1. Just to be sure, is residue 125 touching a residue at least 24 places away in the same chain (Cβ under 8 Å), surrounded by fewer than 18 Cβ atoms within 10 Å (Cβ to Cβ) and polar (S, T, N, Q)?
2. Among (1) more than 19 Å from residue 226 (Cβ to Cβ); (2) in contact with a Leu (Cβ under 6 Å, 6 or more places away or on another chain), there is one condition residue 92 misses while meeting the rest; what is its number?
3. Go through region 92-122 and count every residue that is surrounded by fewer than 15 Cβ atoms within 10 Å (Cβ to Cβ) and β-branched (Val, Ile, Thr).
4. So which residues in region 184-213 are out of contact with any Cys (no Cβ under 7 Å at 6 or more places or on another chain), among the aliphatic types (A, V, I, L, M) and farther than 24 Å from residue 82 by Cβ?
5. Of everything in region 197-222, what is open to solvent by 40 Å² or more (accessible area, probe 1.4 Å) and not in a helix (DSSP H, G or I)? Give them in sequence order.
6. Within region 62-83, count every residue that is of a type outside the set (Ser, Thr, Tyr) and either surrounded by 24 or more Cβ atoms within 10 Å (Cβ to Cβ) or under 14 Å from the mean Cα position of the chain (by Cα) (or both).
7. Among the residues of region 40-57, which ones are without any contact (Cβ under 8 Å) to a residue 60 or more places away in the chain and either small (Gly, Ala, Ser) or open to solvent by 40 Å² or more (accessible area, probe 1.4 Å) (or both)?
8. Considering each residue of region 130-164, count those that are within 29 Å of residue 16 (Cα to Cα) and assigned to a loop (DSSP other than H, G, I, E, B), and give that number.
Amino acid sequence: MRLLVINPNSTVSMTEKIGAAARAAAGPGTEIVAVNPPCGPVSIEGYYDEAMSVPGVLQVIQNTDGADAIIIACFDDTGLDAARCLTDRPVIGIGEAAYHFASMLANKFSVVTTLARSVPALEHNLSRYGLAARCARVRSSDVAVLDLERAGSAACDRISKEIARAKDEDRAEAIVLGCAGMADLAGRLSDEHGMPVLDGVSCAVRLAEAMVALNLRTSRLGGYAPPPARKRLASA
């Protein structure tokens, strides 16, 4: 089985971290191909960055053959619906995957994300997925995405403190980490706080493997019908 994992931003070090997390979660015989578009925003923090990164994501999908499923490795689920129009292979967003996993592990979960400007987009997605009632709160840790790549930053400590607040103030029973750049922190933070802490990359990998094993495909009817050839992106 071959999974294409797309980091929608153009920061190669984050793509490498995401790829490592995906490989750690994958089962035997699963090949992980982690890539990012060659250009676009260096991080995705809010609606503008998300919109600017979508053409690059679609270009990668359109120009890459041989994957059994595709994972959009941005917690905003950047371009997810448009990506599903381009292929009948399963396309999974790490945000949607983590929310569903959390809803099966706890009555209420909270999300700990990066900057405050990212909160409305995640709240919008939770409503769209029908899971807003299961989420106690979407919290900002006031950590910039690229700080997660910087050695010696206080990012992990800030995220941990926000998790503690979510347990105390939200009565959260599980935590979803709201950024792909946090993928390497889930195990440590789960042990520290004694509760499930979910990383969307790992959840998406396992969900993709299950969909491929069940031979499930994205519907070609209605909203995910493929676009006419004349509307497809020109090759890079």
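The values are calculated or read from the model by the stated rules, or taken from the named source; none is laboratory data. Computed from a predicted structure; not experimentally measured. Cβ placement follows ideal geometry from the backbone for every residue including glycine, while neighbour counts extend to all protein chains displayed. Note: accessible area is taken over every heavy atom of the protein model, side chains too, but ligands, DNA and RNA are not part of it. Shrake-Rupley method; radii C 1.70, N 1.55, O 1.52, S 1.80 Å.
1. Values: touching a residue at least 24 places away in the same chain (Cβ under 8 Å): yes; surrounded by fewer than 18 Cβ atoms within 10 Å (Cβ to Cβ): no; polar (S, T, N, Q): yes.
For residue 125, the condition - touching a residue at least 24 places away in the same chain (Cβ under 8 Å), surrounded by fewer than 18 Cβ atoms within 10 Å (Cβ to Cβ) and polar (S, T, N, Q) - is not met.
2. (1)
3. The number of residues fulfilling the criteria is 0.
4. Those that are out of contact with any Cys (no Cβ under 7 Å at 6 or more places or on another chain), among the aliphatic types (A, V, I, L, M) and farther than 24 Å from residue 82 by Cβ: 186, 189, 195, 197, 198, 213.
5. Correct list: 214, 215, 216, 217, 219, 220, 221.
6. Of region 62-83, the ones of a type outside the set (Ser, Thr, Tyr) are 62-63, 65-77, 79-83.
Subsequent filtering for residues that are either surrounded by 24 or more Cβ atoms within 10 Å (Cβ to Cβ) or under 14 Å from the mean Cα position of the chain (by Cα) (or both) retains 69-77, 79-81, 83.
Residues that pass the stated criteria total 13.
7. Here is the first cut: in region 40-57, the ones without any contact (Cβ under 8 Å) to a residue 60 or more places away in the chain are 40-41, 48-49, 51-54, 56-57.
Result: 40, 48, 51, 52, 53, 56.
8. Final tally of qualifying residues: 9.
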